[in-house]
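Following: one structure in structure tokens, then a few remarks.
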Amino acid sequence: MKYRKRLRTGGDLSHYRGYLTWAQSQREAVRMPPNDTVAAMTHLQRREYDETRQIYLSRGITVATRTVHDLDATVVEQMDTNFAKRGGGHGIFLSAPSGAGKTTSLHRVLGAVLADLKQDDPELLERGEVPVGYVCIPALGTPRSVYQVLADYLGIDYTVGVTEAELSTMVRNGINLTRMELLAIDEVQNLDNAANAGSVADALRRLGDDVDATIILAGIDLEHTSITTGRRGAQIANRYRRAAVYDYADDKQEDWGKHWLSLVGGMAAALPLHASDPREIVKLSTLLFDITRGSVGMLNSALTQIARRKISEGALDKEQVTAEDLDRIALTLQAERHRVRVTAGAKTSGKKAAVVGAHGRGRNRASA
């Protein structure tokens, strides 16, 4: 089939049943048998094995980045701080530019919390408990939309005519009755609009005060929005502590090289390729930074693009990532803009400009 259809595995991620099932499946790694075992597979077995690897890569690689470690440590500490409180307690603030890996980190930590709670109490899901929650705020969000996405996640039925006060009560009761421990609200910057500035901060404060779950507010540059500034925004700023998001784009930071190499190495080690050596991919870290400019999402995309192509080619002994493969990466619009800026800057400064292809990294003209 020329055009691959979307793999639909059931569950709507905006509903707790779909999300909890997905969160558990995300922790499942591909089991890679020895090369001679793969070579001995029948055509059907090999096709199924390769399809399993393709599915794993298409979902995106999730590795324990520095941001994941910092967020996990903050969640552990904050849940411990809140454990005896009846409602309220401080929440967690996760803010960074787009592409920094916020949402991926959220999902990984939520999955870790779910796995830990299930290990301690294997029957909690069967009893109808919803230990973790994840919702996204829609564009031009309002206080009512916060309650609506939470009601949808919990499967709470409501009518169009329900008042905001009634809906908020239903949601707060739902969170507490399902014994939710950790709730992540993502894309919170969508609540930053002049019409709802004060009321949004009030709604988030009330939610945090009235539920027993520890809340994570995540989004883009939240510290500069009305949600955390001004008289009413200060109510949020005083109740939430920051979890650090490491900025891999800032290569002037102390120990930046060590952290970038660690990120590249971690993603390289997660690639289900039979001839790949993570140490060889780490040697390409400078080229990968030139392409991605430190974007965790773009690095993920670059390596998974190459890995999926290698698997499709069907040669186990050639399943490795090389510098030549970087020329065939399909760049995001943001990465293309970065390449254009780099090229323009090189020309202005009199340096040899990079040759930028539609799907490739820059190359010095002397070697082109």
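Only one residue in R231, R242 is out of contact with any Asp or Glu (no Cβ under 7 Å at 6 or more places or on another chain) and in contact (Cβ under 8 Å) with a residue 60 or more places away in the chain. Which one? Don't jump to the end; show me each part of the working.
Values: R231 fails: in contact (Cβ under 8 Å) with a residue 60 or more places away in the chain.
Just a single option satisfies the conditions, and that option is R242.
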Given the conditions (1) basic (K, R); (2) touching a residue at least 24 places away in the same chain (Cβ under 8 Å); (3) not in a helix (DSSP H, G or I), every one holds for R206 apart from (3)
Which residues, counting only those in segment 148-170, are open to solvent by less than 70 Å² (accessible area, probe 1.4 Å), hydroxyl-bearing (S, T, Y) and not in a helix (DSSP H, G or I)?
T163
Would you confirm whether or not segment 26-33 contains a residue that is basic (K, R), assigned to a helix (DSSP H, G or I) and surrounded by 12 or more Cβ atoms within 10 Å (Cβ to Cβ)?
no
Just one listed residue, out of A73, A84, is over 16 Å from the mean Cα position of the chain (by Cα), of a type in the set (A, V, I, L, M), loosely packed, with under 14 Cβ neighbours inside 10 Å and not in a loop (DSSP other than H, G, I, E, B), and it is A73
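If you take the residues of segment 101-139 that are in a loop (DSSP other than H, G, I, E, B) and among the aliphatic types (A, V, I, L, M), which of them is surrounded by the fewest Cβ atoms within 10 Å (Cβ to Cβ)? If you could, list the steps in order and put the result at the bottom.
Step one: list which residues in segment 101-139 are in a loop (DSSP other than H, G, I, E, B), which gives 101, 121-131, 137-139.
Next cut, among the aliphatic types (A, V, I, L, M) only: 124-125, 130, 137, 139.
On the way: L124: 16, L125: 18, V130: 24, I137: 22, A139: 8.
Filtering segment 101-139 for residues that are in a loop (DSSP other than H, G, I, E, B) and among the aliphatic types (A, V, I, L, M), the one surrounded by the fewest Cβ atoms within 10 Å (Cβ to Cβ) comes out as A139.
If a residue counts only when it is at positive phi, which helices (runs of 4 or more DSSP H) contained entirely in segment 214-302 have at least 1 such residues?
Values: elements: 230-237, 256-270, 278-282, 285-292.
Filter on segment 214-302 gives 230-237.
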Selection from segment 45-95 of residues of a type in the set (F, W, Y) and modelled with pLDDT under 95 yields Y56, F83, F93
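The values are calculated or read from the model by the stated rules, or taken from the named source; none is laboratory data. Since this is a predicted model, take the numbers as computed values, not measurements. Positions of Cβ are generated from backbone atoms using ideal geometry, with glycine treated the same way; all protein chains shown enter the neighbour counts. Keep in mind that these areas ignore ligands, DNA and RNA; they rest on the heavy atoms of the full protein, side chains included. Shrake-Rupley method; radii C 1.70, N 1.55, O 1.52, S 1.80 Å.
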